Structures are given as C-alpha cells and as structure tokens.
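Visitor: This structure is in structure tokens; I'll ask about it shortly.
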C-alpha cells in the first residue's frame with residue numbers, strides 16, 4: 001500500500017496543502033484554468049521548488065535521489081513531449097503489448113515516427129511510457145484531454161486496472177465532471193491555492 | 001630577407017581606404033560611416049597602445065608582469081563571452097563560467113606549448129607567451145560564446161522536453177544530453193572549418209603577418225600548423241568545460257531545470 005502524503009506543502013501560487021492519497025485510491029482535482037493544478041503536480045514530482053513535505057510510504061521526497069523519486073511518483077504532463085524520432089526509442093524498458101492493445105494501439109506503433117502520430121496517439125503512448133516505470137503513485141494532468149469517448153473509456157479502464165493491481169495512489173487532474181464521477185473516490189477543488197473537498201463520488 | 005619597415009605615411013595611405021569607404025557609405029545613405037570611422041580609430045589606438053605595452057613587457061620579462069597581462073586578457077575575454085550571450089546566468093556565473101573555462105583550457109594549452117613544444121628561455125618569454133595566448137584565447141572565446149549561447153537557447157526552447165525526461169526519472173545529465181552535444185558541436189565548427197580551409201581558401205592571418213615581416217614561408221607554415229592545433233585543442237577543451245559547467249548550473253541540487261537562473265540582458 002503506497003500512500004502519497006503532502007504536509008504543509010507550498011509551491012508557487014499554491015498551498016499550504018494537506019493531502020493524503022492512500023494506496024489503491026484515486027483522488028481527482030478540478031479547478032479553473034490558472035488555479036495551479038499543473039503547478040501542484042509539478043511540485044509533487046519535484047520539478048519545481050517547493051516547501052513542506054511530500055512523502056511516499058513514509059519516505060520523504062528530500063531523502064530520495066530525484067530520479068528515483070520521479071520514477072516512483074510519475075508525472076504525466078498534459079502535453080506529451082518526445083525527443084527522438086522513433087516512438088520505440090522512448091521506451092527504455094520496452095512496452096507491454098497487452099497495454100497497447102488495451103488502448104487500441106497496434107504493436108507496430110513502436111516503429112512509428114513520432115511526427116506522424118496524432119495528438120491522441122501521442123498522449124496514450126506517453127501515458128504508457130510512464131506506466132512502464134512501474135510508479136507507485138501517478139500524477140495525471142488531464143490524461144484524456146485529446147481523446148474521443150471510446151478511447152477515453154479505454155484509458156480509464158487501463159488506469160483502473162493499474163491502480164487496483166499495483167495498489168497505486170492516483171492523483172488525477174480533470175475538467176470533465178462525468179469522468180471525475182467515474183474514476184474518483186474523493187474529489188477536491190483547487191481554489192485560491194487551497195484544496196476544498198468536493199462531494200464524495 | 002629583411003622586413004620593409006612601414007612608415008606613418010604608408011599607414012595613412014591605407015587609412016584613405018577607410019575614409020573613402022566612409023564617404024561612399026554617406027553617399028549611399030548606409031548610415032554606417034560613424035561606426036566605421038570610430039571602430040577604425042579604436043583599433044588604431046588600441047593596437048598602438050598594446051604595441052607599447054608589449055615593448056615594455058618584452059624589455060622587462062618578469063613572470064609577474066606576464067602573468068598580470070595574461071590575467072587581464074582572460075578577464076576581458078570572459079567579459080566578452082558574457083556580453084555576447086542572449087541569455088546570461090545570474091550573478092557571478094555569467095562572467096565566471098566563460099572565464100574559468102578559458103583559464104582552464106587556454107592557459108593550460110599555452111603553457112604546455114611553451115614548455116614542451118617551443119621550449120623558449122625562460123618559458124614565459126613574453127615574445128612567445130603573449131601572442132600565443134592571445135590567439136588561443138581569441139578563438140576559444142568565440143567557441144565558448146557560441147556554444148553557451150546555443151546551450152541556453154536550447155534549454156529555453158526544449159524546456160518541456162527536458163522536464164518530461166526528468167519526470168521519466170532520467171538524471172539531469174541525460175535529460176539535457178542532446179542539447180549539450182549540440183552546443184559543443186556548434187562551438188567547434190568554426191575551428192574545424194578553419195583547419196579544413198587553411199592554405200587553400202585562406203592564408204591564416206598569423207602566417208601572413210610572419211611572411212610579410214620577413215620569415216621564410218616554410219617556417220611560418222610550421223608555426224601556423226602549431227598554432228592551429230593549439231587553437232583547436234584550446235577551443236575544444238574550453239568549450240567542453242564551459243558547456244558542462246553551464247549544463248550542470250541549469251539544474252539545482254534536486255535536479256530541477258532552473259531557467260530562472262538565466263536572464264535576458266536589459267530585463
């Protein structure tokens with residue numbers, strides 16, 4: 001059971017925040033554009049300077065080498081980024097073909113050129129790229145923003161499986177009330193830099 | 001063969017070229033006559049002054065004086081590297097980065113050449129030390145400023161890619177490796193091109209000067225080859241040092257990309 005815990009957590013424009021996401025739990029955060037949802041996720045992944053404490057399973061972020069922390073607390077950014085031409089070059093640890101199939105992607109997609117993939121394909125591939133690290137906590141920044149309804153459901157199902165099987169803590173930023181209703185056990189609204197607990201789903 | 005000594009009149013004749021060019025610029029409304037004349041005047045005064053300084057230095061060949069001169073040259077070159085950056089590191093890093101890299105590379109290469117290759121007596125003999133250092137420094141300065149400029153621009157443009165790589169658990173060294181490689185390459189291209197074209201397309205300035213001053217061509221060529229290699233070594237190692245230091249400085253102790261450590265001059 002990996003629990004992600006924030007204590008007196010402060011970053012630019014956001015905080016102080018107290019939050020605990022249990023292992024196997026999915027917590028959704030919504031909030032107006034510019035309310036700092038992305039900044040919060042970035043700070044938890046230790047990509048931005050922050051004060052207070054973030055810990056995973058009782059191990060605080062500051063006591064772990066940054067690459068190790070980021071592999072166990074994986075941030076999946078809203079816009080996927082690629083640095084090599086071929087999709088497969090970005091998967092150091094290979095890719096589980098079952099997952100590809102679950103997201104309606106062919107096995108051959110590893111040989112695709114990144115430049116020829118659609119935004120939606122890239123978004124799904126980027127999600128799998130992070131999942132292949134086997135993170136204990138997931139920070140998802142609108143992971144289905146550029147997907148149609150069918151693929152959105154597939155992504156939700158895959159993430160649901162992953163969360164249950166690995167007992168992963170999931171922090172999910174979403175704008176879609178329907179989606180939040182489907183995936184979240186608890187939901188918060190980020191307003192004026194504070195988290196307010198929304199109605200239980 | 002004896003060098004033909006130039007009289008002031010000879011230089012004045014050459015200066016007429018500049019004046020004529022300034023006249024043409026005025027006539028064609030190019031608007032560069034002011035800059036042209038002032039920079040011609042500057043170079044005359046600066047070169048005359050350095051001639052005097054070198055004359056004094058040659059007559060008083062003390063290690064301390066040579067070291068002082070070398071220190072001033074490195075300081076000025078370090079400032080020049082900083083001034084040429086579109087994005088500068090905040091604080092002392094802006095100046096220190098280039099200066100340190102040039103100190104490490106140019107200085108070492110010059111001293112190595114003086115002691116091991118030329119073997120002048122004393123090894124710091126200013127007739128050899130200062131011109132050699134000057135030439136290596138000038139080229140290293142170019143390489144470093146090109147490379148640093150490319151590195152910081154890349155970091156800014158590829159910020160999201162670099163941060164994605166960090167988020168995937170890559171160490172910062174690996175996350176910025178593409179930009180670092182590109183920056184070092186850019187810094188080394190000028191000297192590689194210069195070596196490839198030397199003698200065919202261009203007669204390098206140093207060699208030309210020596211030949212004009214009466215040195216037999218083959219001797220001048222040997223010195224030119226030596227200088228080319230020294231320049232390539234100095235530029236290459238200096239660029240690697242500067243880019244590596246800068247690439248490290250772009251990240252903090254938690255390996256976060258810190259673009260806020262750069263600023264645009266004037267902002």
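Visitor: What percentages make up the Cα-Cα pair-distance distribution of the stretch B:1-53 when the bins are 5 Å wide from 0?
Guide: Using 5 Å bins, I get a P(r) of 5, 17, 20, 22, 15, 11, 6, 3, 1, 0 for the stretch B:1-53.
Visitor: Convex hull over the Cα atoms of the stretch B:45-168, averaged projected area in nm²? The partial results should precede the final answer.
Guide: Details: hull surface 39.2 nm².
Across all orientations, the stretch B:45-168 yields a mean hull projection of 9.8 nm².
Visitor: Within 10 Å of each Cβ of A:72-81, how many other protein chain Cβ atoms are there on average?
Guide: 3
Visitor: Which whole-number value in Å³ per residue fits the convex hull of the alpha carbons of the protein assembly as shown? Let's see the in-between values first.
Guide: Working: hull volume 98.3 nm³, N = 468.
Cα-based convex hull of the protein assembly as shown, divided per residue, equals 210 Å³.
Visitor: Scaled to the compact-protein estimate 2.2 N^0.38 Å, what is the alpha-carbon radius of gyration of the stretch A:4-197, rounded to two decimal places?
Guide: My calculation over the Cα atoms of the stretch A:4-197 gives 0.99.
Visitor: To continue, here is another question. Against the globular-protein guess of 2.2 N^0.38 Å, express the Cα radius of gyration of the stretch A:81-129 as a ratio, rounded to two decimals.
Guide: Working: Rg = 9.5 Å, N = 49, 2.2 N^0.38 = 9.7 Å.
Dividing the Cα radius of gyration by 2.2 N^0.38 Å gives 0.99.
Visitor: Separation between the residue A:177 and residue B:192 pseudo-spin-labels, each 7 Å from Cα along Cα→Cβ, expressed in nm?
Guide: Output for this residue pair reads 6.0 nm.
Visitor: Tell me the relative contact order for chain A as a rounded percent, counting alpha carbon contacts under 8 Å between residues six or more apart.
Guide: This gives 32 percent for chain A.
Visitor: Which residues in the stretch B:27-62 place their backbone N less than 11 Å from a point set 7 Å from the Cα of residue B:14 along the Cα-to-Cβ direction?
Guide: B:44
Visitor: Under the Kirkwood approximation for Rh and a Cα-based Rg, what ratio Rg/Rh is obtained for the stretch B:31-105?
Guide: Checking Rg against Rh, the ratio lands at 1.09.
Visitor: Which whole number gives the average, over all residues in A:124-137, of C-beta atoms from other chains lying within 10 Å of the residue C-beta? Spell out each step's value before the answer.
Guide: Details: counts 0, 0, 2, 0, 0, 2, 4, 0, 1, 3, 0, 1, 0, 0.
Mean partner shielding for this stretch: 1.
Visitor: Can you say what percent of the DSSP beta bridges in chain A, counting only those with both residues inside, are antiparallel? Round to 5.
Guide: Looking only at bridges with both residues in chain A, the antiparallel portion is about 50 percent.
Visitor: Report the percentage of all Cα-Cα pairs in the stretch B:127-258 whose separation exceeds 27 Å, rounded to a whole percent.
Guide: When all Cα pairs of the stretch B:127-258 are counted, 35 percent exceed 27 Å.
Visitor: Whole angstrom only: what separates the Cα centroid of the stretch B:151-192 from the Cα centroid of the stretch A:125-201?
Guide: 31
Visitor: What FRET efficiency comes out for the pair residue B:84/residue A:13, r = Cβ-Cβ distance, R0 = 41 Å, nearest 0.05?
Guide: Numbers: r = 35 Å, r/R0 = 0.86.
Result of the calculation: an efficiency of 0.70.
Visitor: Given a cut-off of under 8 Å on Cα pairs at least six residues apart, what relative contact order in percent is computed for the stretch B:62-263?
Guide: Here the relative contact order equals 32 percent.
Visitor: At 7 Å along Cα-to-Cβ for each site, give me the label-to-label distance between residue A:119 and residue B:28 in nm.
Guide: That separation, rounded to one decimal, is 4.9 nm.
Visitor: Can you give the average number of partner chain beta-carbon atoms within 10 Å of each beta-carbon in peptide B:167-175, as a whole number? Kindly include the intermediate steps, with their values, before the conclusion.
Guide: Values: counts 16, 14, 14, 4, 4, 2, 0, 1, 2.
Counting Cβ atoms of other protein chains within 10 Å of each residue's Cβ and averaging gives 6.
Visitor: Let me understand the stretch A:20-72 better: what is its radius of gyration from the alpha carbons, and its Dmax, in angstrom?
Guide: Gyration radius and largest Cα-Cα distance of the stretch A:20-72: 12.1, 33 Å.
Visitor: Calculate for chain B the 222 nm mean residue ellipticity that helices alone would give, adding -39,500 (n - 2.57) per DSSP H run of length 4 or more and normalising by residue count, nearest 500 deg cm²/dmol.
Guide: -24000 deg cm²/dmol
Visitor: Viscosity 1.002 mPa s, temperature 20 °C: what is the translational diffusion coefficient of the stretch A:73-175 from Stokes-Einstein with a Kirkwood Rh over Cα pairs, rounded to a whole number of µm²/s?
Guide: Rounded, D is 157 µm²/s.
Visitor: Report the Cα centroid-to-centroid distance between the stretch B:1-45 and the stretch B:109-123 in angstrom, as an integer.
Guide: 37
Visitor: What would the Debye equation give as log₁₀ I(q)/I(0) for the stretch B:104-169 at q = 0.27 Å⁻¹, counting only Cα atoms as equal point scatterers?
Guide: -1.05
Visitor: Binning every alpha carbon pair distance of chain B at 10 Å from zero, what are the percents per bin?
Guide: Result, from short to long distances: 6, 23, 28, 24, 13, 4, 1 percent.
Visitor: I want to check the label-to-label distance for residue B:48 and residue B:223. Put each point 7 Å from Cα in the C-beta direction and report it in nm to one decimal.
Guide: With each label placed 7 Å out from Cα toward Cβ, I get 2.5 nm.
Visitor: Report, please, the projected area of the stretch A:1-44 averaged over directions, based on the convex hull of its C-alpha atoms, in nm².
Guide: Projected area, direction-averaged: 3.1 nm².
Read-outs: derived from the displayed coordinates by stated rules, not from any lab. Everything numeric in this text was worked out from a predicted model, so none of it was measured. Positions of Cβ are generated from backbone atoms using ideal geometry, with glycine treated the same way; all protein chains shown enter the neighbour counts.
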